[in-house]
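S.K.: Sending over a structure as structure tokens; questions will come in a sec.
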Amino acid sequence: MALRALDLESQLIEEVAETSNDPLAFAQRFYPWGEKELALSAGPRKWQSSILAHLRDHLQSANRFQPCFIAVASGKGIGKSALVSMIIDWAMSTCGDCKIVVTANTGTQLATKTVPEVAKWTRLSFNQHWWEVKATSITSRQPGHEREWRTDFIPWSKENMEAFSGLHNQHKRIVVIFDEASGIHDTIWDNTEGTLTDENTELIWIAFGNPTRPYGKFRDCFGKNRNVWKTFQIDARTVEGTNHVEQQRQVEAHGEDSYHVRIWIRGEFPLVGSDQFIAPADVDRARHAKALAIDHLPKILSGDIARFGDDQSVIGYRQGRKAVILEKLRGKDTAFVGDRMIEWINKLRPDATVVDTDGLGAGTYDHIRYRGFGDRLFEFHGNATPKDTKKYSNLRSESWGLMRDWLPTAEIPDDPELADDLVGPLYYYNPKGQLCLEAKDDMKERGLWSPDCGDMLAMTFGITVAPPRQQQYVPRAVSQWG
């Protein structure tokens, strides 16, 4: 019997080791799905699986020793603590002397919610006998490894920065988890970032939370730092196993566009700012509207171009009261973006195509013309003279103004990134009384991202396109015989 038990343990070790770079496989294989407390679950939820898959893809890529940053903003009750637990179990089980630090917005959250949930999932795992679960830590039972192979649950404090300064574990694995990340002070974020520097080490930092604040480091993950962080925004209504009846009751009680529903159900950050150029309510309404009878209206394809910087290239189109985002491209050169726009021209047959030719976009415009697609192709220069010089200072301000007027009766994609872009810019009036939209550089100084999606849509208002000609009815010739 002792030999049999030893054989089973050796088999368990081998099977766990097979998932060292695949947390999704670990979660699928090493919990009793369909049994006991998991009787109603066949495996991780879809949103949990997507995050575990992203982590897997990172670890199996050539960038596995570059930090992996993941931020998850969500509504309530979707199973965040369960996913935290799965990640901790996988990380500890598949890497000897792994170091994990978990903190939360408050010590109470950590002690009463995070730690009990992690402890529950650890006890459910098939290798739960490997660990010593305590109130403030999980440690290895392997003799001599208790101090190095561990997870520590540490309440954050600006006065106790040392706890977040010693995150070194060279050639092994470090995992940092922020639970309810909106409430964790910026200094903790800064201090943590400064410690993740070990060479040839798997470095994983995951921030979870309800998006309760429209500012701070957690908000920045979805804004100015979204090229660094892989972000997920989870609407609780899309998650299996949640109480959809109660969610609908709250939506009906508070309103789809209310602060309550936006944060606690939709998993989106609150919108603020009295001097915003575009009202958040107009954006929220347009995200859930449906434009009808638009097929006969001109279709305008648009491309806002960026290259190898913080910004992204965005391709989309507008047809009457409906806007569509087709692609978001990061790190692609101007010729590549030009080829993608040509493919969309061939597919959509737009009545006009407009390209941002300020800066690098000129290369994309020239590429499209060189390839023979210059017909009905237009340049957009943001500083060009507007049609209404009494009202607007330049063409970009005018285009955004026309888009703002269009929004209350329009349909736009239900895309949080586009929504953030539209409500981001401020405005002011110059000495001539002309309306001036806030410049992109000024937005970046305020910590906001360049509104690439918003600019793409606004450019469709920078040109005027006549409605497509209606085909005239030509009666067939009738013979004398009828």
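S.K.: Considering segment 184-200 alone, what residues qualify as being in contact (Cβ under 8 Å) with a residue 60 or more places away in the chain and either assigned to a strand (DSSP E or B) or surrounded by fewer than 20 Cβ atoms within 10 Å (Cβ to Cβ) (or both)?
M.R.: LEU196, GLU199, ASN200
S.K.: Also, quick follow-up: Kindly list the number of the only condition in (1) in contact with a helix residue (DSSP H, G or I) (Cβ under 8 Å, 6 or more places away or on another chain); (2) in a strand (DSSP E or B) that fails for GLU132.
M.R.: (1)
S.K.: Every residue in segment 217-256 that is within 21 Å of GLY454 (Cα to Cα), part of a helix (DSSP H, G or I) and without any contact (Cβ under 8 Å) to a residue 60 or more places away in the chain, please.
M.R.: Correct list: ARG219 only.
S.K.: Please state which of the following conditions ARG340 fails to meet, knowing it meets all the rest: (1) of a type outside the set (S, T, N, Q); (2) not assigned by TED's automatic domain parsing to the domain that holds PHE378; (3) not in a strand (DSSP E or B).
M.R.: Unmet for ARG340, out of (1) of a type outside the set (S, T, N, Q); (2) not assigned by TED's automatic domain parsing to the domain that holds PHE378; (3) not in a strand (DSSP E or B): (2).
S.K.: Taking the condition of being in a loop (DSSP other than H, G, I, E, B) and surrounded by fewer than 21 Cβ atoms within 10 Å (Cβ to Cβ), how many residues in segment 67-88 meet it?
M.R.: 3
S.K.: Among the residues of segment 413-455, write down those that are in contact with a Ser or Thr (Cβ under 8 Å, 6 or more places away or on another chain) and exposed (fewer than 14 other Cβ atoms within 10 Å of the Cβ).
M.R.: Within segment 413-455, ASN430, LYS432 meet the criteria.
Residue-by-condition table, conditions (1) small (Gly, Ala, Ser); (2) in contact with a helix residue (DSSP H, G or I) (Cβ under 8 Å, 6 or more places away or on another chain); (3) modelled with pLDDT under 90:
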position	(1), (2), (3)
PHE232	no, yes, no
HIS244	no, yes, no
TYR259	no, no, yes
ALA306	yes, yes, yes
TYR317	no, yes, no
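S.K.: If a residue must be surrounded by 15 or more Cβ atoms within 10 Å (Cβ to Cβ) and either within 29 Å of the chain's Cα centre (by Cα) or among the aliphatic types (A, V, I, L, M) (or both), how many such residues does segment 123-137 contain?
M.R.: 2
The values are calculated or read from the model by the stated rules, or taken from the named source; none is laboratory data. A quick note: this is a predicted structure, and the numbers were derived from the prediction, not measured. Here Cβ is always computed from backbone atoms with ideal geometry, including for glycine, and neighbour counts include all displayed protein chains.
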